[in-house]
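Structure first, commentary second.
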Amino acid sequence: MKVIVYMGEELENYGALNANFQNAGSKNNVGGEALHAALEREETLRMMINNSHVVLFLWKNEDKWPVEFVSENVTKFGYSVEDFTSGRMRYKDLIYLGDLKEIEEEFEKKVKSGVSTFSLEYRIVTKTGDLRWINERTFIQRDKSGEVTYFQGVVLDITRRKKGEEELKKTLKMQKVLITAVNNSPAVVFLWKNEKYWPAIFVSDNVVQFGYTVGDFLSQKIQYGKIIHPDDLKRVEEELDRSIQKGEVSFNSEYRIFTKAGDMLWVNERTFIQRDIEGKVACFQGIVLDITHRKKTEKALRKSLKTQEMLESIINKSPAVAFLRNNIGRIPTNLEKLSANLENWPVDYISENVTQFGYSVEDFLSGKVHYGNIIHREDIQAVAESLARSVRERYDSFEMEYRIITGDGSIYWVEDRTLIQRDSKGKVTHFQGIVIDVTERKKAEKMLEIQRELGVSLSTTWNLQTMLNQILDTCLKIEEIDAAGIYLKDELLDQINLVAHRGLSPEFVKSVSIYRADSPEARQIWTEKPVYRMDFFADKMTDLIRKEKLTAIAVIPMKHRGEIIGSLNFASHTTDRIPQNVCNFLESVALQVVNYISPLRIAADLG
């Protein structure tokens, strides 16, 4: 190497200079010409050395090693020749204190061994206080009795080389750490040739996790491309080729490989594309990571999400609204706090079909609406008490029917079926369940109860007018109707008369109190079919209805023993249409009451 060759040249030159010193001082060499030649040669060598990389020292074998000679290029260490020759600096003063003891011991050992030359590497301190590494080649000078008198030292600054060696040590150490880390990690490192099937020229030891050995790949017994699943190989080749054509420096892909045992694994490959100075692809440096577990998890998750989507679709198409309320630090479980904070019940999940109540999912998840906000004010205390009792008595569930206020202000009845979830310590963590709209069922139950009460009332009433008033008052308990009238047939006058009414203005009552038997209104009744349309009335009657602000009507003929005896008439000022369940109820009432009205009507006519 250049440094070593140069160092050899300097040592050779110094050997010649040393010979000159000795010859010039010899008593046998006293000729003027010889002396002149020696001095001339000495000057030439001195110039060569002072312009070289080596510094020459000559020091006595005395305490602190006083220096008798030093080459002028000692200035590269910040010192002058005079610093040493004056005695201000001795050679031991130059040596780094941390190395001095070891150097003294080495010198003593070499002296005792009888060698004439040796080399040491140690640190010296420059005049500015910096540390420099040197290689010092020492020649031991002895007198005739063999005692050491001088040491001649050739000093070469090797600081840069030492730093390089230190960096190399660190690099090798780090490389060893990295190789150990790689071999202990799940990531397998490859270096592949840019050839078909990507033969490997390096592979980390942890390739054994795939069942292969390093030798399997380096011997070319196994080529990487051949362990890739055939269904994936073409895709991987095409993806890599596209990355190369685009000039990209890396490539990433997920595909399947076969282990040595024939098992199939999913891997993620991250490859760095290495190019030569001409830009041609030289090799590929890849990191291959087993992602089989992740792929299985993703597959299970996709299946789970598909199932979840299917379940959500079923739920969202059903009348049941699903919800989840997290209880951790949010919903009190004792009665007092629960009642006070019921309106603050937040919802963590609610199914999309909550729209049937006039709200959106976002209304609840954003906190704009809390579940407690929609519970009817008259029911909220009962709900709080029932839920608190279920929690206190450690029930697994809570079931209750109560009213809620929909987004448009309507009142719905719901059935709440809630599961109370607890942790291992029995503390309530969350509530999950469904809320089902049971408004129609509650209305049906109410209608049945109204009919039952009406039947009991009519069975004990013998006054026709009282009976008619009872029928109207009872029917007006239905929310969808707020006006009513009963017409009875007058056989003598051949007309139908309004004999009882509710919720109508006096002007309207006066206008509709009597219909001739041949009027359109009467003829519709004689058809025996209920009427729920506004257009069956004559134009004059239609105008009256509009002025009365009636928006929906129901006309139910009453038939007794094959004869129409009158009709039950109902109307609404608020709804556009009488609901079907209410129509069914009114028709049922007509069938029920006609059996009570007809006998009293006959008795009244006879009386």
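Which numbered condition in (1) surrounded by fewer than 19 Cβ atoms within 10 Å (Cβ to Cβ); (2) touching an Asp or Glu at 6+ places or on another chain (Cβ under 7 Å); (3) of a type outside the set (D, E, K, R) is the only one that T439 fails?
(2)
In the range 496-525, how many residues are among the polar types (S, T, N, Q), farther than 13 Å from L544 by Cα and surrounded by fewer than 18 Cβ atoms within 10 Å (Cβ to Cβ)?
2
Does S250 satisfy the condition of being within 32 Å of the chain's Cα centre (by Cα), modelled with pLDDT under 95 and among the hydroxyl-bearing types (S, T, Y)?
It is true that S250 is within 32 Å of the chain's Cα centre (by Cα), modelled with pLDDT under 95 and among the hydroxyl-bearing types (S, T, Y).
Go through the residues of the range 54-68 one by one and say whether even a single one is farther than 26 Å from S145 by Cα, surrounded by 14 or more Cβ atoms within 10 Å (Cβ to Cβ) and of a type in the set (S, T, N, Q).
no
Look through the range 106-150, keep the residues that are of a type in the set (F, W, Y) and outside any helix (DSSP H, G or I), and return whichever of them is farthest from H53 (Cα to Cα).
Within the range 106-150, the match that is farthest from H53 (Cα to Cα) is Y150.
Mind checking which residues of the range 217-232 are surrounded by fewer than 19 Cβ atoms within 10 Å (Cβ to Cβ) and either in a loop (DSSP other than H, G, I, E, B) or touching a residue at least 12 places away in the same chain (Cβ under 8 Å) (or both)?
Residues satisfying the conditions are L218, S219, Q220, K221, Q223, G225, K226, H229, D231, D232.
For the range 361-390, which positions are part of a loop (DSSP other than H, G, I, E, B) and touching a helix residue (DSSP H, G or I) at 6+ places or on another chain (Cβ under 7 Å)?
Matches in the range 361-390: V369, H370.
Can you name the condition, by its number, that H36 falls short on among (1) at pLDDT below 85; (2) in a helix (DSSP H, G or I); (3) under 25 Å from T126 (Cα atoms)?
(3)
So, in the range 43-85, how many residues would count as being of a type in the set (V, I, T) and within 27 Å of E105 (Cβ to Cβ)?
Residues in the range 43-85 being of a type in the set (V, I, T) and within 27 Å of E105 (Cβ to Cβ): 5 in total.
How do the pairs read when you match residues in the range 270-282 that are part of a loop (DSSP other than H, G, I, E, B) with residues anywhere that are of a type in the set (G, A, S), using Cβ under 8 Å and keeping only pairs 6 or more apart or on different chains?
Sorted first by the residue in the range 270-282, then by its partner, the pairs are D276/A282.
Tell me which residues, restricted to the range 385-420, are surrounded by 16 or more Cβ atoms within 10 Å (Cβ to Cβ) and more than 30 Å from I478 (Cβ to Cβ).
Selection gives L387, A388, S390, V391, F398, T418, I420.
The values are calculated or read from the model by the stated rules, or taken from the named source; none is laboratory data. What you see is a predicted model, and the numbers here were worked out from it, not measured in a lab. Heads up, the Cβs are rebuilt from the backbone with ideal geometry, glycines too, and the neighbour counts pull from every protein chain shown.
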